[in-house]
Amino acid sequence: MDLALAEAREAAMLGEVPVGAVVVRDGAVVAAAHNRVETDKDPTAHAELLAIRAAASALGAPRLPDCDLYVTLEPCAMCAQAISFARIRRLYYGAPDPKGGGVEHGARIFGQMTCHHRPEVYGGIGDTDAAALLKEFFAKRR
């Protein structure tokens with residue numbers, strides 16, 4: 001999670017919402033990314049999607065069943081669905097997102113009958129640091 005937080009800090013420095021994500025397999029980092037929505041002018045350039053794409057490319061596989069994803073904020077519904085499609089084994093996330101989350105809030109993608117794959121989910125990992133980073137970022141924008 002420390003690397004995901006470092007990615008989130010990088011995003012904040014670029015004016016992006018500070019979210020970072022890291023894909024790990026067998027204890028080794030396969031891919032790391034941070035939000036690039038504003039930079040790329042792409043509404044889908046969330047940290048999770050970018051990290052999953054990079055990991056799939058690095059491993060040469062469309063599914064990542066032996067990989068774990070660490071992300072600083074509860075994934076939105078779009079990202080949760082991508083996590084399911086990628087067959088991510090475990091999801092570790094930091095701060096909860098009551099407004100935009102799609103895992104334990106909002107759409108609760110993994111709890112839907114139509115969800116094909118449900119990763120193990122562990123929330124609250126590094127949540128204090130992740131939440132502080134988000135609060136600081138948005139306080140500066142107001």
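Listed values, structure above:
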{"read-out": "Search result, residues across the range 80-119 that are over 12 Å from the mean Cα position of the chain (by Cα) and hydroxyl-bearing (Ser, Thr, Tyr)", "value": "Ser84, Thr114"}
{"read-out": "Complete set of residues in the range 54-85 that are closer than 22 Å to Ala130 by Cβ and either outside any helix (DSSP H, G or I) or β-branched (Val, Ile, Thr) (or both)", "value": "Cys67, Asp68, Leu69, Tyr70, Val71, Thr72, Leu73, Glu74, Pro75, Cys76, Ile83"}
{"read-out": "Pair list, Cβ < 8 Å and 6+ apart or interchain, from the range 44-67 residues that are of a type in the set (Lys, Arg) to residues that are open to solvent by 40 Å² or more (accessible area, probe 1.4 Å) and part of a loop (DSSP other than H, G, I, E, B)", "value": "Arg63/Arg87"}
{"read-out": "The range 32-55: number of residues that are open to solvent by less than 40 Å² (accessible area, probe 1.4 Å), small (Gly, Ala, Ser) and within 17 Å of Leu91 (Cβ to Cβ)", "value": "4"}
{"read-out": "Out of Gly20, Gly101, sole residue that is out of contact with any strand residue (DSSP E or B) (no Cβ under 7 Å at 6 or more places or on another chain), open to solvent by less than 50 Å² (accessible area, probe 1.4 Å) and closer than 15 Å to Gly124 by Cα", "value": "Gly101"}
{"read-out": "Qualifying positions in the range 1-17 - without any contact (Cβ under 8 Å) to a residue 40 or more places away in the chain, touching a strand residue (DSSP E or B) at 6+ places or on another chain (Cβ under 7 Å), open to solvent by 10 Å² or more (accessible area, probe 1.4 Å) and hydrophobic (A, V, I, L, M, F, W, C)", "value": "Ala6"}
{"read-out": "Residues of the range 18-46 that turn out to be outside any strand (DSSP E or B) and touching a Phe, Trp or Tyr at 6+ places or on another chain (Cβ under 7 Å), as a count", "value": "1"}
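The values are calculated or read from the model by the stated rules, or taken from the named source; none is laboratory data. What you see is a predicted model, and the numbers here were worked out from it, not measured in a lab. Quick reminder, even Gly has a Cβ in these numbers, built from the backbone with ideal geometry, and neighbours come from all protein chains shown. All accessible areas refer to the heavy atoms of the entire protein, side chains included, with ligands and DNA or RNA removed. Shrake-Rupley method; radii C 1.70, N 1.55, O 1.52, S 1.80 Å.
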